[in-house]
Amino acid sequence: MKNLKSPGFTCWLTGLSGAGKSTLGIEITKSLEQLSVPCEYLDGDVIRTNLSKGLGFSREDRNTNVARVGFVCGLLNKHGINTVVALISPYRDAREQLKLEIPNFIEIFVDTPLEVCITRDIKGLYKKALAGDIAEFTGISSPYELPLNPDLILKNHKESVNECIEKVLSYLREQGKI
């Protein structure tokens, strides 16, 4: 059986809650659409309430969530639809598995310090987690395993959203994806 390379790509934004993944994901998607690049944006919060409803926050459930989103990305990519994903995806092994399963997987680490994420906490989740009201909260009572070799690192606490978007677009151009 011939192994066909997927025509689409997946930009997977990983990082702590409040790192800016959703903001960047939305803006990357808009920029790709403006370039007439077929693209679908998948947000962790939306996925949790639809595709992964009923999953908890154990390591196994989080990895199941990541695998489900990866499966959807693979299907879309197979049909030429690129995906931009904003998902905490805290465990390295789950992200590494995606790299094996999705031919054009681009890991983008949104590297925002915990202290900055806490100050951006519009939902009040860090406050609750620090008070012990939320169990298994990534970065507080549950680990976030840093990517070892991400394709891109965005530091949106030091770079503007536009600078981050341009870094992603430049990378995609250099790689011949757009």
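Restricting to lysine pairs 8 or more places apart or on different chains, what number in the stretch 10-174 have Cα atoms under 17 Å apart?
9
What's the long-distance tail for the chain, i.e. % of Cα pairs beyond 25 Å?
30
Per DSSP H run of n ≥ 4, the term is -39500 (n - 2.57); total these for the chain, divide by its residue number, and report the mean residue ellipticity at 222 nm rounded to 500 deg cm²/dmol.
On the way: 7 runs with 76 residues, N = 178.
Computed mean residue ellipticity for the chain: -13000 deg cm²/dmol.
Mind checking the dipole of the stretch 89-178: about its Cα centre, +1 per Lys or Arg Cβ, -1 per Asp or Glu Cβ, Debye to the nearest 20?
220
Each value in this text was obtained by applying a stated rule to the coordinates, not by laboratory testing. As the structure is a computational prediction, the values presented were derived from the model and not from experiment. With ideal geometry, Cβ positions are generated from the backbone for all residues, glycine too; neighbour counts draw on all protein chains shown.
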